[in-house]
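A.B. asks: I'd like to ask you about the structure that follows.
The values are calculated or read from the model by the stated rules, or taken from the named source; none is laboratory data. Not measured: the values here are computed from a predicted model. No Cβ is skipped: glycine too gets one built from the backbone with ideal geometry, and neighbour counts run over all protein chains shown. When the accessible area is computed, the model is the full protein with side chains, heavy atoms only, and any ligands, DNA or RNA have been set aside. Shrake-Rupley method; radii C 1.70, N 1.55, O 1.52, S 1.80 Å.
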Amino acid sequence: MEHLRRGGVVVLADHGGAQLVAADASDLLARHGVGETRHPGAAEPVSTGGVLDHEAPAEAAVDLMRLAGLAPQAVMRALAAPDAPAFARAQGLPLVSVVDVIQHRLRTETMLDYVAVADLPTAFADRPFRAHSFLSRLDGVEHLALVSPGQAKGAPLVRVHSECLTGDAFGSLRCDCGPQLHESMRRLAQTEGGILVYMRGHEGRGIGLANKMRAYALQDQGLDTVEANRALGLPDDARDFAQAAQMLRALGHEAVRLLSNNPEKAASLQRHGITVTKVEPLVMPPNPFNAKYLETKAQKFGHALPLPEPMPGMGSLRRHFRVTTIAHSPLGLAWEL
């Protein structure tokens, strides 16, 4: 940090490349940078929570300035040299990664307040879950962690579930969120100390409920979830799991067995300091309304889901299914070929 305070330049590495970062414009940025000069925190807005709210180089650059005791703004330029570590060594510059900034802040800061804990009896378990509530200092969003009775032996089984009002509460068939939530609660209830981390503010992979409806309208015209988001100028996935990691740490866990099909969720928890010892699948059977959604998850997000056989259009697809009633299913419905 002293290096930045003296007007030095830092090489900031990320999986997408490397940036030269300084508090002010410098000759080194001009000689070894390419592209347009960026000014995060000044001309370019960044998340108020920095890398703990949005894991990106711009936020990391501003965080570095703040940690150095400087104004929360930076000057950035993409590094022209292909080998960032070699360049940093040759120039005698500090090499820092976005993950380094995240882990430093996680070790030294907290962005959650623990609010309360109470019993929560549910239809999924004979004994109540313990519901732990948290309040985000960044945006005021409230999150919950439901913990099944008992003490986990080793890493607990954990489901980090993104809020989905349409699927979780209304039983929407356009996604697999509701069935995943209910199945995970059943499985967590069968293990001691299993944890459901319920992340609010993640609606529509982080774009919000109204934008999700706008995206749905485009999907009704034939676009998939990624295409619809991009048509609206929205990110493919705006979620961040830093607060999920802090909730797990607040509950006393540094390692988990993760119940998920999403490799990025496991990777994000690891980047935020939670060791994922094992990933267990949570695959739900498709229905006529979410088959394309699940295919997009597998093909464009790398989810560990079976790719479907080529299927007919939605109109004829629905004629290939019949509805049966399941007495003990939370949704009460199942689709059968």
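A.B. asks: Of everything in segment 78-93, what is surrounded by fewer than 16 Cβ atoms within 10 Å (Cβ to Cβ) and either under 12 Å from Gly17 (Cβ atoms) or touching a strand residue (DSSP E or B) at 6+ places or on another chain (Cβ under 7 Å) (or both)? Give them in sequence order.
C.D. replies: Just the residues of segment 78-93 that are surrounded by fewer than 16 Cβ atoms within 10 Å (Cβ to Cβ), to begin with: 80, 82-83, 85-86, 89-92.
Selection gives Ala80, Pro82, Asp83, Pro85.
One line per residue, one yes/no per condition, for (1) open to solvent by 60 Å² or more (accessible area, probe 1.4 Å); (2) farther than 27 Å from Met247 by Cα; (3) in a loop (DSSP other than H, G, I, E, B):
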residue: Gly7; (1), (2), (3): no, yes, yes
residue: Arg31; (1), (2), (3): yes, yes, no
residue: Glu36; (1), (2), (3): yes, yes, no
residue: Ala58; (1), (2), (3): no, no, no
residue: Met76; (1), (2), (3): no, yes, no
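A.B. asks: Going through segment 156-188 one residue at a time, which ones are outside any helix (DSSP H, G or I) and either small (Gly, Ala, Ser) or farther than 15 Å from Leu146 by Cβ (or both)? Before the answer, list the steps.
C.D. replies: At the first step, the residues of segment 156-188 found to be outside any helix (DSSP H, G or I) are 156-164, 170-176.
Within segment 156-188, Ser162, Cys164, Phe170, Gly171, Ser172, Leu173, Arg174, Cys175, Asp176 qualify.
Let's see how each residue does on (1) more than 18 Å from the chain's Cα centre (by Cα); (2) of a type in the set (Ser, Thr, Tyr); (3) more than 28 Å from His253 (Cα to Cα):
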| residue | (1), (2), (3) |
| --- | --- |
| Ala267 | no, no, no |
| Arg271 | no, no, no |
| Thr275 | no, yes, no |
| Asn290 | yes, no, yes |
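A.B. asks: Among what's in segment 155-183 and is under 12 Å from Leu259 (Cβ atoms) and crowded, with 22+ Cβ neighbours inside 10 Å, pick the residue that is modelled with the lowest pLDDT.
C.D. replies: Going through the qualifying residues, I end up with Gln180.
A.B. asks: Return the total of residues in segment 245-265 being in contact (Cβ under 8 Å) with a residue 12 or more places away in the chain and more than 17 Å from the chain's Cα centre (by Cα). Reasoning before the result, please.
C.D. replies: Applying the first criterion (in contact (Cβ under 8 Å) with a residue 12 or more places away in the chain) to segment 245-265 yields 245-251, 253-265.
The next check asks that each one be more than 17 Å from the chain's Cα centre (by Cα); those that pass are 250-251, 253-255.
Total meeting the criteria: 5.
A.B. asks: Among the candidates Ala84, Ala74, which residue alone is farther than 26 Å from Leu196 by Cβ and either of a type in the set (D, E, K, R) or touching a helix residue (DSSP H, G or I) at 6+ places or on another chain (Cβ under 8 Å) (or both)?
C.D. replies: Working: Ala84 fails: either of a type in the set (D, E, K, R) or touching a helix residue (DSSP H, G or I) at 6+ places or on another chain (Cβ under 8 Å) (or both).
Result of the check over Ala84, Ala74: Ala74.
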